[in-house]
Amino acid sequence: MKSKSTLIVGLTWGDEAKGKIVDLLAAEHHIVVRYNGGNNAGHTVAFDGETYKLHLVPSGLFHKNATCVIGGGVVVDPKVLLEEIARHEGKAVRLRQRLLVSSRAHTIWPWHKLVEALSEKHQGKGKIGTTLRGIGPAYADKANRVHAIRLGEFLRPEHLWKKVERIVEDRNLVFTKVFGEAGLDAAAVWQEYAAYGEAIRPMIADTTAYLLGAVEKGKRILFEGAQGTLLDIDHGTYPYVTSSNASAAGAWPGTGVPARAIGEILGVVKAYTTRVGEGPFPTELKDALGDQIREQGHEYGTTTGRPRRCGWLDTFAIRYAARLNGIDGIVITLLDVLGKLPELKVCTGYKVGGRTLKEFPDDPAALQEAQPILESLEPWTEDISGARSFKELPRATRAYVKRVEEIIGAPVRMISVGPDREQTIFRP
Ligand code: GDP
Ligand code: IMO
Ligand code: MG
């Protein structure tokens, strides 16, 4: 029997409104699990006139019957996790009893944030434009093993204190001798973090065992990807990517649930494309039209508040992402934002040095040079934010959706026409 589990993944550079979609679909699932990233993510959920911003806790938290799991593939900043739980536990019923955090998840410490800030500053123009949340250094430590700390180690505080002391000693050599900065005080760090460990302790669990048991019991699991496929460390626009597998490929290592237990994969795209931070972005509009999209779509980072770079929908990149993830369907979000634009285009391919590319480039230099091949479509002026069925949409809007479907080669299953839960169109 085909599994009834679902995976939600961004098909571009993040911020595709995955949070809204996960919140909506959580109602039909028993478990919602985040599989990658950390508090570099900013997911937004809106209902009953309120807006909630989430960074670590899965976007299913407002459904009181859903168990929320932070998988082992996530990097956890314990301070941020506790702040987020405290911020939302009034609205998210019994959140502490429904939240499990993997003992295998790696943790973010002050030295990760410090080294990232120093490194980005030192790179100057060559920086990646990270969120400065310590994500990259924490994943680097995970791969390097020597200085890595998994959440489960908080269950053995005496051992962990000794480890922290040794790590700080090593790190301080780099901070003081390489960067000429003051070092960290191990005892002060430990005092703060030991308290976080105590507070998180009841939520630490072997989530792999829990999820495998849930699969055997036929529970419906919703997998929540953070970031987007083009930010995936292996398959994205390297080196301007994040440090985890943000594509669907991250779900297996990030949760322990075998890929064959995932039933359906839905790829989320905005009706246009955005990107935050540095890196190539072939359809970027650096003109008044880009500014208009930014203002109409309120395109400012959920995590860092940075203005997002805006451009035409890049179906060439999205088709690559759709194939890579093996998606069953597409979710188009923020379609309302495109109303009132004087013109409307989608990118169907790239030209590099006068040559039309057959495949999305694996070479960052080619991507940097790529000229988008644009197709014009008929714009619309109507406000579509009140539409609740496909047939209520203006003809030009329906034509846009159908064209996107055709180019990407997958059916559009849901359309979002506003931030609220209600502002959603389902297509059979
Ligand atoms: P995520 O990181 O993929 O969860 O996306 P973000 O939350 O960072 O960014 C999406 C933004 O768009 C949030 O501010 C949402 O409230 C908002 N949003 C979601 N869906 C829609 C929509 O259909 N229309 C409009 N106008 N805004 C939306
Ligand atoms: P959600 O889940 C958009 C970008 C950063 C930077 C690059 C590396 O909300 O879609 P990092 O701090 O991860 O090392 O930064 O990745 N980035 C995101 N962009 N949405 C996100 O998450 C992002 N998480 C990281 O801007 O370019
Ligand atoms: Mg976001």
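Take the residues of the range 19-61 that are aromatic (Phe, Trp, Tyr) and within 13 Å of ligand 1 (Cβ to nearest atom): which is farthest from TYR210 (Cα to Cα)?
Of all residues in the range 19-61, those aromatic (Phe, Trp, Tyr) come to 35, 47, 52.
Of the ones still in play, those that are also within 13 Å of ligand 1 (Cβ to nearest atom) are 47, 52.
Values: PHE47: 30, TYR52: 28 Å.
Restricting to residues being aromatic (Phe, Trp, Tyr) and within 13 Å of ligand 1 (Cβ to nearest atom), the top hit is PHE47.
Among the residues of the range 301-329, the one identified as more than 17 Å from the chain's Cα centre (by Cα), in a loop (DSSP other than H, G, I, E, B) and surrounded by 21 or more Cβ atoms within 10 Å (Cβ to Cβ) is TRP312.
When the range 337-366 is examined, which residues are found to be closer than 30 Å to THR381 by Cα and under 22 Å from the mean Cα position of the chain (by Cα)? Selection gives VAL337 alone.
A search for C-beta distances below 8 Å between a residue of the range 389-417 that is open to solvent by 30 Å² or more (accessible area, probe 1.4 Å) and any residue that is within 16 Å of ligand 2 (Cβ to nearest atom) and β-branched (Val, Ile, Thr), counting only pairs 6+ apart in sequence or on different chains, returns ARG413/VAL331. Of all residues in the range 279-300, how many are buried (at least 17 other Cβ atoms within 10 Å of the Cβ) and acidic (Asp, Glu)? Residues in the range 279-300 being buried (at least 17 other Cβ atoms within 10 Å of the Cβ) and acidic (Asp, Glu): 2 in total.
Restricted to the range 180-236, and to residues there that are on the phi > 0 side of the Ramachandran plot and among the small types (Gly, Ala, Ser), the residue that is surrounded by the most Cβ atoms within 10 Å (Cβ to Cβ) is GLY218. Is it true that some residue in the range 4-16 is open to solvent by less than 10 Å² (accessible area, probe 1.4 Å), of a type in the set (A, V, I, L, M, F, W, C) and more than 12 Å from the chain's Cα centre (by Cα)? Yes, because at least one residue in the range 4-16 is open to solvent by less than 10 Å² (accessible area, probe 1.4 Å), of a type in the set (A, V, I, L, M, F, W, C) and more than 12 Å from the chain's Cα centre (by Cα). Among the residues of the range 77-102, those that are open to solvent by less than 30 Å² (accessible area, probe 1.4 Å) and in a loop (DSSP other than H, G, I, E, B) comprise ASP77, ALA92.
Scanning the range 140-161 for residues that are buried (at least 16 other Cβ atoms within 10 Å of the Cβ) and acidic (Asp, Glu) gives ASP141, GLU153.
Residues ALA246, ALA205, ALA226: which one is within 14 Å of ligand 2 (Cβ to nearest atom), of a type in the set (A, V, I, L, M, F, W, C) and closer than 21 Å to HIS30 by Cα? First the steps, then the outcome.
Working: ALA246 fails: closer than 21 Å to HIS30 by Cα; ALA205 fails: within 14 Å of ligand 2 (Cβ to nearest atom).
From the options ALA246, ALA205, ALA226, the qualifying one is ALA226.
You will find that of ALA199, ALA246, ALA251, the residue that is in contact with a strand residue (DSSP E or B) (Cβ under 8 Å, 6 or more places away or on another chain), part of a helix (DSSP H, G or I) and of a type in the set (Gly, Ala, Ser) is ALA251 and no other.
Residues that are in contact with an Asp or Glu (Cβ under 8 Å, 6 or more places away or on another chain) and open to solvent by 20 Å² or more (accessible area, probe 1.4 Å) within the range 121-139 comprise LYS127, ILE128, THR130, LEU132, ARG133, GLY136, PRO137, listed in sequence order.
The values are calculated or read from the model by the stated rules, or taken from the named source; none is laboratory data. Not measured: the values here are computed from a predicted model. Note: ideal-geometry Cβ built from the backbone for every residue, glycine included; neighbour counts use all protein chains shown. With ligands, DNA and RNA removed, areas are computed over all heavy atoms of the protein, side chains included. Shrake-Rupley method; radii C 1.70, N 1.55, O 1.52, S 1.80 Å.
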